[in-house]
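What follows is calculated from the coordinates using simple rules that are stated; it is not laboratory data. Worth saying up front: this structure is predicted, and the values here are computed from it rather than measured. Here Cβ is always computed from backbone atoms with ideal geometry, including for glycine, and neighbour counts include all displayed protein chains.
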Amino acid sequence: MKLKVCIAGATGWVGKPLCVAVSGANDLSLVGAVSRTHRSQSLKDVFDDSKIDLIVSGSVAEALGTPTDVLVDYTKADVVKANVMTAIRKGVHVVIGSSGLTDEDFIEINQAALDNKVGVIAAGNFAITAVLLQRFACEAARYLSHWEIIDYASNTKKDAPSGTTRELAFRLSEIRKPEVNHPIEETIGERESRGTTLNGSQIHSVRLPSYVISVEVIFGATDERLSIRHDAGSGAGPYIQGTLLAIRDVRNHVGLVRGLDKIMR
C-alpha cells in the first residue's frame, strides 16, 4: 500500500519539485497539497502538468480532511509550528523542512509527538552536503575548542539564524560548548557586533542578494584555523532525495528526530 503524503507549501521553491517527485514514486501517493496563494486551484493547472490532478487546500487542517500518513512542511517561519501541531494532533507523522523553529518549539513538538504516538523528522537542511558539514563540524569540535558560525541567506529571508545554522549550533552543543576567552557580555563597544549566542555558539547572520543558504563554521586554534562551509545553489534538487528519505522513514519513530544524519544508513 502506498504511503499517503500531504505537502504544505506545495507550490513553493522546494514544494513544487517535491510534489512531482512524490507523484512519480511507486511507493508514495500525493493526497494533499497546501498553498494559501493557490487555494481551490488544481495542481495540474498550477504546474502545467496533467499528471498531477489534485485540488489545492488553503490550510493544513483542510487538507488533512483526506486520510494522510505523512505531512511534509515546506512553508514559512510564521506558520510552520501551527501546521506541525495540527498534524500531530490528528495522528499524522510529520517531516519538517521549514526554518524558524526554536529549541523551545522543538521541545513542545517532541512532547506532542510522544503524546500522540507519531514521528517527526526535522532537518535544517535536507541536502546531503549540509548533512556532511554537520558531521565534519562535530568531529572537529572534539579536537578544537574555539569556533564561531556565519549564517548566510538571501536578503528576502525573514528569519535568522536559518534552520540550517540553528541545527548546526544544536548539534555542536551535543559535543560541547566552545571556549570563550573574553566574555561576550563584557565586550567593549557594541555588544551586538559579536552576534547572537545560540546553544553556546556565536552566530553572525548575513542577509544579502545572491545567497540562497550558506553556513560556515570557523574553528580557531593557536597558529591555525579550519573553515568548513556549505553553499546551496539556486535549484531545489539537492533537498528532494533527503526529504523522500525522511518521508519513508518517519513512521519508524515516535517523537522528534532532529537531523537527517540520524536516519541515514
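Can you work out the Karplus-derived ³J(HN,Hα) for every residue in the range 115-126? Use 6.51 cos²θ - 1.76 cosθ + 1.60 with θ = phi - 60°, whole Hz, and x for glycine or proline.
5, 9, 6, 10, x, 9, 10, 10, 9, x, 7, 8
Can you order the peptides 59-67, 32-40 by their average number of other Cβ atoms within 10 Å per residue, highest first?
Details: 59-67: 16.9, 32-40: 19.0.
Result, highest mean first: 32-40, 59-67.
Could you work out how far apart the two model spin labels at TRP13 and VAL254 are, taking each label as a point 7 Å from the Cα in the direction of the beta carbon, and quote it in nm?
So the label points at TRP13 and VAL254 sit 3.7 nm apart.
GLU179 to ALA221: extension gain in nm, 0.36 nm per residue of separation minus the Cα-Cα distance? Could you put the intermediate results ahead of the total?
Details: separation 42, 0.36 × 42 = 15.12 nm, distance 1.09 nm.
That pair, GLU179 and ALA221, stretches by 14.0 nm at full extension.
Any of LYS4/LYS90; LYS16/LYS51; LYS81/LYS157; LYS117/LYS157; LYS2/LYS51 with alpha carbons more than 23 Å apart? Name them for me.
LYS117/LYS157
Arranged from highest to lowest average of other beta-carbon atoms within 10 Å per residue, in what order do the peptides 44-53, 200-209, 93-102 appear?
93-102, 200-209, 44-53
Report the label-to-label distance for LYS90 and THR102 in nanometres (one decimal), using points 7 Å from each Cα along the Cα→Cβ vector.
My value for the distance between the label points is 2.7 nm.
So what is the relative contact order of the chain, in percent, for Cα pairs below 8 Å that sit 6 or more residues apart?
With pairs under 8 Å counted, the relative contact order is 20 percent.
Using DSSP to define loop residues, name the chymotrypsin sites (Phe, Trp or Tyr not before Pro) in the range 130-210 whose beta-carbon has at most 10 other beta-carbon atoms within 10 Å.
TYR143
How large is the charge dipole for the chain, taken about the Cα centre, if only the Cβ atoms of Lys, Arg (+1) and Asp, Glu (-1) carry charge, to the nearest 20 debye?
760
Starting from the 7 Å offset along Cα-to-Cβ, what nm value, one decimal, do you get for the label separation of ILE55 and THR129?
4.2
Using a simple charge model, +1 on the beta-carbon of Lys and Arg, -1 on the beta-carbon of Asp and Glu, nothing else, what dipole does the range 128-231 show about its Cα centre, in debye to the nearest 20?
Using Cβ point charges on Lys, Arg, Asp and Glu, the range 128-231 gives about 320 debye.
With axes computed from alpha carbons, what is the tilt in degrees of helix 163-175 against the longest principal axis of the chain, rounded to the nearest 10 within 0 to 90?
60
Ignoring everything except DSSP H segments at least 4 long, calculate the 222 nm mean residue ellipticity for the chain; use -39,500 (n - 2.57) per segment, divide by total residues, nearest 500.
Theoretical 222 nm ellipticity from helices: -9000 deg cm²/dmol.
Pick out which of GLU185, GLU139, GLU148 has the largest mean-square fluctuation in a Gaussian network model of the chain, springs linking Cα atoms closer than 10 Å.
Of GLU185, GLU139, GLU148, the most mobile in the Gaussian network model is GLU185.
Assuming a ≥ b ≥ c are the square roots of the Cα gyration tensor eigenvalues, decide whether the range 128-231 counts as rounded (a/c under 1.5), prolate (otherwise, with a/b larger than b/c) or oblate.
oblate
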